[in-house]
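The next block holds one structure in the form of structure tokens; read it before the comments.
No lab work stands behind these numbers, since they all come straight from the coordinates. Only a predicted model underlies this, so the values are computations on that prediction, with no experimental measurement involved. Every residue, glycine among them, receives a Cβ derived from its backbone with ideal geometry; neighbour counts consider all protein chains shown.
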Amino acid sequence: MYFQPTTLDQAVQDAQTERVRILAGGTDFYPMQGDRLPDVPILDVTRVDGMAGVTRTTDGWRIGGATCWSDLIRADLPPAFDGLKAAAKEVGSVQIQNAGTVAGNLCNASPAADSVPPLLTLDAQVELTSTSGKRLMPLADFLLGVRKTALRQGEILTAVHVPDVRAGHSAFRKLGSRKYLVISIAMVAVLIEVQSGKICKARVAVGACSPVAQRLPALESDLCGQGKVAGLVTPDHLSTLTPIDDVRGSASYRLEVLAPMIEQAITGCLEQP
Amino acid sequence: MKDAATPEGIAFTLNNQPVQSTLEPGERLSATLRESLGARDVKIGCNAGDCGACTVLVDGAPVCACLMSTAQAAGRHVETLGGLVKGDENTKALAAAFQNHGAAQCGICTPGMMVAATAYLRNKNSTVEDALGGVLCRCTGYRKILDAVAEAARGGAAPLPVSGKTGQSIRRLDGLAKVEGRESFGDDVATPDTPVIRVIRSPFARARFEFGDLEGFKTHTEGVLTVLSAADITGRNCFGVIPPFADQPVFAVAETRFRGEAVAAVVGTPELMARFDPEDFPVTWQELPAVMDCATAMANDAPQLHSGRSGNVMTGGFVQCGDADAALAQAAHSVSGAFSTGFVEHAYIEPEAGFATVKDGRVEIYGCTQAPVMDLDSLEEILGVGRSRIRIKPTAVGGGFGSKLDISMQPYLALAALKTNGPVRLAYSRAESMQSTTKRHPADIELTIGADENGRLQGFRFDGLFNTGAYASWGPTVANRVPVHASGPYRIADFRAEAKGIHTHCPPSGAFRGFGVPQAAIAQEVLFDELAAKLDMDPLAFRELNALENGTPTVCGQVFEQGVGIKACFKALREPWAKATADAAAFNAKGGPIRRGVGIAAGWYGCGNTSLPNPSTIKSGVRRDGKILLHQGAMDIGQGANTVISQIFAQALGVDVKHLHLIGADTDLTPDAGKTSASRQTFVSGNAARLSGLALRAEILRRCNVDSASAVIEPSDGALIVRDGSARHEVSLSGLQSDAEGYVLRAEETYDPPTKPLDKDGQGVPYAQFGYAAHLAVVDVDTRFGTVHPVRFVAAHDVGHAVNPMLVEGQVHGGIAQGLGMALMEEYIPGRTENLHDYLIPTIGDIPPIETLIIEEPDAHGPYGAKGLGEHVLIPTAPALINAINRATGVQLRQVPVTPSRLKAALKEARHD
């Protein structure tokens, strides 16, 4: 079975089909499929009205779940979204950015999902829709672990909501072993507000260093009031992270590179007008 | 649009034509395009978005067709290379530019690359690198592709000539089909209704297994046509590229020796096989303890992989001259190191694929291969039928680099075709390709090198263990080659080198560009830098002082009186070295976390088999209508043999290369030109082509009583015109009797390089010629992250005579890209990196500019002085990079790949962070 609904009402009906899998950009769906044809019912959400595109809401921004990275990069958004856009530009390749979607990246729940750290700094919420209606949930609560989310049977991640953010600067740093098509060894997203040359508000999130990307609240509070960041990031700030040893790098390496990555990202923001 | 259920048929526009297709639910666009709509110009390299070969435009945006559900294409416009190259001016410009620069080598990535480049040229709203970063190329090193796209962006340039003498760059003779997407690779032959083979493979490195009810499985699974296992092998269930070491079963019996080893195969309808899950096959596994590295495999209680190979030692190689230990004991200075390298995967973008059918009682196998006649030899044994009943018809090869020398899919195709008495097809998945085909040997090397007070080498002792995996493959060749080459191109009077191949429960290690020499060169060239530092000598001056020259013996006691070109390579690097070193010092003087370093390293490589016969035969003929045909059986796997062999032949015959008609490799039609390996095709098959051309020329000139070296031959209708200065002679062909093949004149010639056996100390004449190389690498190391950013390369290569300089540069670039991958990122781990996103090869953003310095120190044995090149190109790269990192940071590295994590750890140890 292959559902390709055009209305959300129909989509949530289709989503109740037993064993159904939701397909959007296919960039995670097909690789996990191996070389075989899918043997489960498929719900293709790419033609659902309102699932794609970035829109202004009364109190922020709505990113449709089926918005692909390229559309996000092209969207007219304030500088607070620069980090998210920078992350989008580092997703795989142009081919992947033209297909892969924001909701797909979140539902796939990889520890190295590129969009998660910047979305965490934006205090993003996910909109989950089912036949019983919509519910909103902070992204940090939605992601439960490696390949685990709070998505219930029959639910579709229909949008990501970002509340209004005051003027601020954001940045994203991804560390990999090659230039393109690379899975992060570690990544960092920051969103800061500056007053009179000093940081007055900071949000910092780290990905690929724990089962789910994390904000670093202790560091965020220590950053406030600072005008320079060199040497500010201490091991204590990173103590909530639990990186692993894998083929991409050792756990200790991941911890070691975070401080300079964070400092680089923040310095980049501080240097902006 | 439907709200539910399966779209039974969808309509979209394909290359400006309306098309309709019925779909399986969730069918990939790549499958629809290739199998339902005939768009075989869309190539599948990974089915996971990792390689980009299947890139198509959907409403103008590049996407991977393998990641797109065809249903999503409904109502949209899909464009592929085959359509774009006919109608899009950007693509047409790219087609010309790609040919001008040799930007398509094997051609398998070319459709994806050109489609992505077309999208770039349409709006130029990103960098070229960003636009092409999603397409992997394993042959070119990307720089020629960047050059070609830049040329197309400028509006084109004067075309490279299509014909010319040796020494001139001409377009590839087979290039047009590649840039138009018409080249037919291994999976492009079968029609869509052809039954499909799927191989059942071991999920464990070592396992005992038992089949369940195979007969019941076959009878009760709709769509299964037959099942194959060891019981179906009509000949010998054993193969191997080196007959005395043949040890690999087509299907394992009772126990498997590596993860991915075949135990059975299912042949079924395309409909069934598109859904078939190997988990449904009736086999039970019992995992057994496995040995995965040399040390474990050599332990006393280790399981033994093969009887008669005690201690899991497959074989060894040994070379000794003088007294290494005594010389080292008295050396003024010495350095030692223990080095290790990992498995390297060939990662050609075309997984193994082919088609077979039975025709007039003969089995015909179409597929990608580097060695059609060796395939024939193996199948003769496996099938147990006369070789006249087997035909190997190679397709285009989407990259080989050594691994397609061994048979892979061929026996399954042949057995299935014969058992079902009909056509069958088989394309390996990326995971299957990575699990089951050969790899570069991991090496553990211990090396000590000494020097006297003046910097002259004094004593060299090398001990290497090479993890040869579960089966022999080309392991014996590696064991033999390494000791012969371990000295590098240097004069060492007191030398001892031993290499052993050790069996483990890993995939078979086999041939990979350099046969173990790149691993040995890392140890030797890195220690050379450390020795030069101890001597307080400039690394280049130290190498020049010790370099081989005409008249000095190699470590095998071989003395070349001519053609030793390593000093010329070093000399060519003097100026770039001085300049780059000064630039780096100025850069580093500014301080900061990024440190720049310059490294050099050298290499040499003997062309052809080591002390073994290695003939090539090339046939040519003239038909009564004046047509000149060249039976060119030397496999072109992207390196350019079709063009180079033709240029050499045309030069010898005295015709313009444009008059030649090529008959490509086919065991029914072309005599054995040997395998495409060991950098032997330009040298060995080139010589056979030269001899064939000369013989045909002599026959033609005799018929018009011309005896002139400068006479030029031209075909004409029913005649050959011979022009000698102002004189014009006509050799009429119409009265001549044609032979069974339709030739009125013909010449078939063989060349076998003169070598002599090695004695117990490895003394003798292993090769008729060596080629020489030296690379300079500039890198920036970010000490905060342990990342290495190559800045540029200068590569000096002695090729004797550059038959086609454009193709020479293509080889150099591609070799450097592979050497860079080996040095910085590539490490195959069975069970863990069996795809192209965990196993990383360089992308277009990872290869810096490369300057190629072509050195021509002619070789007396080479055709017009030419030497082999294919493997030389990556031997110096990895050590040059490591030496550059060392000079940037002062850290001693002993393991590749130098991943950021490893380099950071080394920096930390050196208290450099």
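Net charge around B:Leu225, counting only other residues with Cβ within less than 14 Å of its Cβ (Lys, Arg = +1; Asp, Glu = -1)? Taking every Cβ under 14 Å from that of B:Leu225, the sum is -1.
Grab the DSSP H runs of chain A that are 4 residues or longer, score each as -39,500 (n - 2.57), total them, divide by all residues and round the 222 nm result to the nearest 500 deg cm²/dmol.
Numbers: 10 runs with 74 residues, N = 273.
Value at 222 nm, helices only: -7000 deg cm²/dmol.
Working ranking of peptides B:468-475, B:280-287 by packing, defined as the average number of other Cβ atoms within 10 Å per residue, highest first, is B:468-475, B:280-287. So what's the back-of-envelope 222 nm ellipticity for chain B, counting only DSSP H runs of four-plus at -39500 (n - 2.57) apiece and dividing by all residues, rounded to 500? Using -39500 (n - 2.57) per qualifying helix, the result is -8000 deg cm²/dmol.
If you take the square roots of the eigenvalues of the alpha-carbon gyration tensor of chain A and sort them as a ≥ b ≥ c, do you get rounded (a/c under 1.5), prolate (a/b over b/c) or oblate? Prolate, since a/c reaches 1.5 and a/b exceeds b/c. Put a dot 7 Å past the Cα of B:Asp668, heading toward its Cβ, do the same for B:His220, and the two dots end up 4.3 nm apart.
Can you pick out the pairs among B:Lys393/B:Lys760; B:Lys500/B:Lys534; B:Lys500/B:Lys675 whose Cα atoms lie more than 32 Å from each other? All intermediate terms of the calculation are to be shown ahead of the outcome.
Numbers: B:Lys393/B:Lys760 40 Å; B:Lys500/B:Lys534 30 Å; B:Lys500/B:Lys675 25 Å.
Those over the limit are B:Lys393/B:Lys760.
Regarding region B:788-842, what is the average projected area of its C-alpha convex hull, in nm²?
Values: hull surface 20.9 nm².
Averaging across all directions leaves 5.2 nm² for the Cα convex hull.
Could you calculate the FRET efficiency of B:Lys124 with A:Arg166 from 1/(1 + (r/R0)^6), where r is the beta carbon distance between them and R0 is 51 Å, rounded to 0.05?
Working: r = 36 Å, r/R0 = 0.71.
Computed FRET efficiency for B:Lys124 and A:Arg166: 0.90.
Viscosity 0.692 mPa s, temperature 37 °C: Stokes-Einstein D of region B:1-161 from its Kirkwood Cα radius, in µm² per second? It would help to have the intermediate numbers written out before the result.
Working: Rh = 16.0 Å.
The calculation lands on 206 µm²/s.
Within the shell of other residues whose beta carbon sits under 14 angstrom from the beta carbon of B:Asp360, the net charge comes to +2, with Lys and Arg scored +1 and Asp and Glu -1. For B:Lys619, the aspartates and glutamates whose Cα falls under 18 Å of its own Cα, not counting residues fewer than eight places away in the same chain, are B:Asp636, B:Asp656, B:Asp666, B:Asp668, B:Asp672, B:Glu699, B:Asp739, B:Glu741, B:Glu748, B:Glu749, B:Asp752. Listed by Cβ neighbour count within 10 Å, with the fewest neighbours leading, B:Arg154, B:Arg28, B:Arg76 appear as B:Arg154, B:Arg76, B:Arg28. Per-peptide packing, taken as the mean over residues of other Cβ atoms within 10 Å, places B:395-405, B:709-719 in the sequence B:395-405, B:709-719 from highest down. With all projection directions averaged, the alpha carbon convex hull of region B:252-372 covers 15.1 nm². Taking every residue in A:175-188 and counting other chain Cβ atoms within 10 Å of its Cβ, the average works out to 6.
For chain B, hydrophobic long helices are taken as DSSP H runs at least 27 Å long by C-alpha position along their axis with mean Kyte-Doolittle hydropathy of -1.0 or more; these are B:566-589, B:805-824. For the residue pairs B:Lys756/B:Lys867; B:Lys218/B:Lys419; B:Lys43/B:Lys658; A:Lys174/B:Lys43; B:Lys92/B:Lys178; B:Lys92/B:Lys144, the C-alpha atoms sit more than 21 angstrom apart in B:Lys43/B:Lys658; A:Lys174/B:Lys43.
Dipole of the protein assembly as shown, Cα-centred, from +1 at each Lys and Arg C-beta and -1 at each Asp and Glu C-beta, to the nearest 20 debye? Could the numbers behind the result be given before it?
Details: 109 positive and 129 negative charges, 283 e Å.
My answer is approximately 1360 debye.
I'm a student and want to see the number: the projected area of the Cα convex hull of the protein assembly as shown, averaged over all directions, in nm². All intermediate terms of the calculation are to be shown ahead of the outcome.
Values: hull surface 186.3 nm².
Computed as one quarter of the Cα hull surface, the answer is 46.6 nm².
Taking a straight line from the alpha carbon of B:Lys908, not one of the lysines sits under 20 Å away once near neighbours fewer than eight places off in the same chain are left out.
For the options A:Ser239, A:Ser70, A:Ser130, a Gaussian network treatment of chain A with springs between C-alpha atoms closer than 10 Å singles out A:Ser239 as fluctuating the most. Averaged over the residues of peptide B:274-286, the number of Cβ atoms from other protein chains lying within 10 Å of each residue's Cβ is 1. Mean per-residue shielding of peptide B:57-66 is 5, counting Cβ atoms of other chains within 10 Å of each Cβ. Counting only lysines at least 8 places from A:Lys148 when in the same chain, those with an alpha carbon closer than 22 Å to its own are A:Lys134. For chain B, the relative contact order works out to 14 percent when only alpha carbon pairs closer than 8 Å and six or more residues apart are counted.
Here, P(r) means the percent of Cα pairs in each 10 Å bin from 0 to the largest distance; for chain B it is 2, 12, 21, 25, 21, 12, 5, 1, 0. Size descriptors for region A:169-270: radius of gyration and Dmax over Cα atoms are 13.3, 44 Å. All other residues whose Cβ lies under 11 angstrom from that of A:Gly249 are scored, Lys and Arg at +1 and Asp and Glu at -1, for a net of +1. Along its principal axes, region B:616-751 has C-alpha extents of 44, 32, 22 angstrom, given from the largest down.
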